[in-house]
Amino acid sequence: MMSGARFVAAASSVLLLAACGGNTGVTNPSTGGPGVPTPPAASLTGAGATFPAPFYDAARFAYNQKFSQVTINYQSIGSGAGIQQLIKKTVDFGASDVPMNASELASAGGSDKVVQIASTLGTESMAYNLAGVSNGQLRLTPKTIAGIFLGTIKNWNDPALAADNSGVSLPNQSITVVHRSDGSGTTYIFTDYLSTVSADWKTKVGKGKSVSWPVGQGAKGNEAVATTIKQTPGAIGYVELAYVLQTNMTQASLQNHDGNFVIPSPEGATAAASQFLAVNPSQFSIVDAPGKNSAPISGYSWLMLYTDQPDKTKGTALVDFLDWLVTDGQQYAANVHYARLPSNIVRDDINSLKTVTSGGSTLLSVPAPS
Amino acid sequence: MVPTPLVAASHQRPLVSGDRVFSVIAYGAAALIMLIAVIFIIALFIPALPAITKFGLGFFTSRTWDPVRNQFGALTAIYGTLVTSAIALLIAFPIGLGAALFLAEDARLSLVRGPLSFLIELLAGIPSVVIGLWAFFILTPLMRDKVDPFLQHTVGFLALFKGTPTGYGFLTAGLVLAIMVLPIMIALSRDVIRAVPRELREASLALGATNAETIWSVILPYARVGITGAVLLSLGRALGETIAVTMVIGNTMQISASLFASGYTLPSVIANEFTEATGNVYLGSLFYLGVVLVLITIVVNVLARLLIWRFSGSARASA
């Protein structure tokens with residue numbers, strides 16, 4: 001167990017070293033800085049989504065550097081498994097790219113028994129492999145993306161694609177659609193986007209972590225999707241921005257709700273998120289956001305914990321950590337290509353954390369930022 | 001059960017109790033295996049119940065796999081599992097048997113026999129995920145650029161080789177499986193061919209038969225029970241292989257006559273979807289797929305027993 005934990009910590013430290021490079025104004029490590037309470041000694045365990053795992057790893061390592069009495073383990077075993085673990089109470093917090101739904105909340109004892117907070121923000125790119133078409137040169141609209149994934153646009157020289165791409169020579173080559181074969185939050189956000197922009201998609205396929213794909217082939221995980229696209233001439237697929245940037249893939253400019261073509265970026269995700277003021281666990285979709293800079297295929301990732309914490313010390317350490325994660329901890333998001341939470345969401349998160357109690361008394365004592 | 005003491009009881013007693021201890025341990029071990037098997041089947045069956053009650057036997061004939069609408073069927077995955085395993089055996093059987101005959105029969109090349117046997121055992125020891133990685137990065141581009149276009153050029157008039165090759169699909173998966181089952185096929189066949197009594201070969205040769213005739217009419221008929229066993233063990237491995245297949249089959253829920261098309265197998269669906277499967281029916285359907293896979297394996301094993309029983313029976317009758 002120890003050597004495993006050390007290995008994870010060592011792996012995270014690589015991330016952290018990279019993370020420290022661009023940081024300014026890091027709070028004083030010994031006191032934790034203003035507004036950050038000193039947590040009690042505790043060992044916390046969380047499990048769930050793989051999508052935000054690089055961010056959680058960087059953040060929990062940084063937190064442990066700051067407060068060595070708190071160790072946090074995170075097992076990235078998938079959102080569904082994370083929710084199951086939370087329901088079985090084998091972990092202190094769960095993580096999911098999609099908030100728990102009504103039946104899952106019922107299994108956990110009811111919607112008032114669980115607090116769900118948005119922890120980070122990600123966006124997705126359309127990565128492609130087309131000889132002679134460089135990064136950002138391919139322009140895709142909601143209509144053509146839906147057409148490609150519905151199988152109505154089969155060839156790169158399709159007139160619908162040519163109409164948006166004057167000046168780009170698109171080859172006479174069949175399109176190979178690549179999608180995730182494993183259930184994933186990435187797929188949920190992408191199919192949520194397609195269901196929002198295409199009535200055809202909504203009725204024929206719908207949204208979900210796994211769907212019944214009309215065309216294309218599946219690959220397991222973001223890495224395999226990215227590699228399959230890179231290996232296959234004429235391929236296109238949806239990939240998390242982080243993987244696209246880390247592996248230097250070519251990605252398309254996407255037309256957003258306002259009609260602008262944008263290249264997805266963390267800033268674009270934050271811009272999209274700030275358009276939705278009333279995000280909550282049952283109303284969380286931020287795809288196809290208005291705003292001229294908004295990245296259209298964006299989404300939150302969520303953390304879940306029980307409202308009533310059985311162990312007061314552990315509960316206090318947990319809410320202190322989560323409070324830090326959604327505030328100071330956000331600085332570790334950018335280095336692994338995730339986006340900062342907009343301020344209204346941070347405020348909502350802290351207000352939610354304030355409802356967490358143990359033996360009837362509130363555990364979080366910091367004021368919410370204005 | 002306990003043998004009657006032949007000598008004085010005072011000497012025998014510790015031995016008897018030693019026997020008892022041993023027999024208890026042996027019975028216990030046997031009972032534990034049965035217990036594990038029973039618990040395993042129950043543990044597979046219970047979570048599958050929501051899907052079994054909802055879809056019943058229609059699960060076997062339905063091609064739908066739609067997590068959004070909670071409608072599931074296993075036919076597509078059963079098809080992919082059987083097709084890829086069949087391709088694997090079609091490739092591995094002749095090559096494996098040829099190699100086994102060479103290793104067992106051709107004494108002139110005893111210098112290469114040792115290293116070759118070693119290499120085959122080495123191939124058997126490579127973890128499937130490593131073979132999968134190799135297939136994903138090296139084999140799929142090779143299939144797409146060289147092998148598939150060649151097949152299309154030469155035998156492309158067959159429905160089996162129509163469509164645009166992407167390098168992923170039934171054919172590539174079958175080929176990867178063939179590579180994985182070859183060592184089993186070769187090693188087992190070699191051993192049963194070697195076990196053919198020397199007198200039979202010598203009698204055949206003495207009667208004027210050529211080497212080829214001896215192999216065809218004496219050695220292979222004698223060894224066919226063992227070779228059948230090798231084929232069925234290979235099939236068992238091919239049916240259950242997960243990760244290497246997942247990496248190259250393309251993971252698409254479709255039934256296609258073309259071997260260039262992407263497909264899906266039972267173990268691949270389970271491995272891909274269980275982490276994010278929420279809801280009893282969805283998770284239950286994945287367990288139901290597991291039940292289907294176990295059933296197929298049982299059917300294969302029963303067939304193997306029947307075949308071996310029939311062959312050995314007819315061999316005895318004709319002797």
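The values are calculated or read from the model by the stated rules, or taken from the named source; none is laboratory data. These numbers come from a predicted model, not from an experiment. When we count neighbours, we look across all protein chains shown, and the Cβ atoms used for this are built from the backbone with ideal geometry, even at glycine. What goes into the accessible areas is simple: the full protein's heavy atoms, side chains included, and nothing from ligands, DNA or RNA. Shrake-Rupley method; radii C 1.70, N 1.55, O 1.52, S 1.80 Å.
Overview of values
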{"read-out": "Beta bridge orientation in chain A: antiparallel %, DSSP, nearest 5", "value": "60 percent"}
{"read-out": "Per-residue mean of C-beta atoms belonging to partner chains within 10 Å, peptide B:63-71", "value": "4"}
{"read-out": "Amide H contacts of A:Gln217 (H built 1.01 Å from N, under 5 Å, at least 5 apart or other chain)", "value": "A:Val177, A:Val178, A:His179"}
{"read-out": "Kirkwood hydrodynamic radius (C-alpha pairs) into Stokes-Einstein, segment B:167-319, 4 °C and 1.567 mPa s, D in µm²/s", "value": "71 µm²/s"}
{"read-out": "Förster-model FRET efficiency, 41 Å R0, B:Val112 and B:Ser17, C-beta, rounded to 0.05", "value": "0.15"}
{"read-out": "Rounded to 5, the percent of DSSP beta bridges in segment A:123-297 classed as antiparallel", "value": "60 percent"}
{"read-out": "At least 15 Å along the helix axis (C-alpha) and Kyte average at least -0.5, DSSP helices within chain B", "value": "B:9-55, B:75-105, B:110-125, B:170-194, B:220-240, B:280-318"}
{"read-out": "Rounded to the nearest 10 Å², the accessible area of A:Lys207 at probe 1.4 Å", "value": "90 Å²"}
{"read-out": "With all protein chains modelled, accessible area of A:Ser365 [1.4 Å, Å²]", "value": "100 Å²"}
{"read-out": "For A:Tyr74, distant residues with modelled amide H under 5 Å away", "value": "A:Gly46"}
{"read-out": "Within the protein assembly as shown, percent of DSSP bridges classed antiparallel, to nearest 5", "value": "60 percent"}
{"read-out": "Inter-chain shielding of A:180-189 (mean C-beta neighbours from other protein chains, 10 Å cut-off)", "value": "4"}
{"read-out": "Per-selection Kirkwood Rh - the protein assembly as shown (Cα, Å, 1 d.p.)", "value": "28.8 Å"}
{"read-out": "Taking chain B and dividing mean pair separation by its residue count, relative contact order in percent (alpha carbons under 8 Å, at least six apart)", "value": "27 percent"}
{"read-out": "Placed amide H near A:Gln173: partners under 5 Å, 5+ positions off or other chain", "value": "A:Trp156, A:Asn157"}
{"read-out": "Contact order normalised by residue count of segment A:66-169, Cα under 8 Å, 6+ apart, percent", "value": "16 percent"}
{"read-out": "Cα long-axis angle, helix A:185-197 against chain A (0 to 90 degrees, to the nearest 10)", "value": "50 degrees"}
{"read-out": "Area accessible to solvent at A:Leu245, 1.4 Å probe radius, in Å²", "value": "70 Å²"}
{"read-out": "Residue mean of other protein chain beta carbons inside 10 Å, B:266-276", "value": "6"}
{"read-out": "Between 0 and 90°, nearest 10: helix A:343-353 axis offset from chain A longest Cα axis", "value": "40 degrees"}
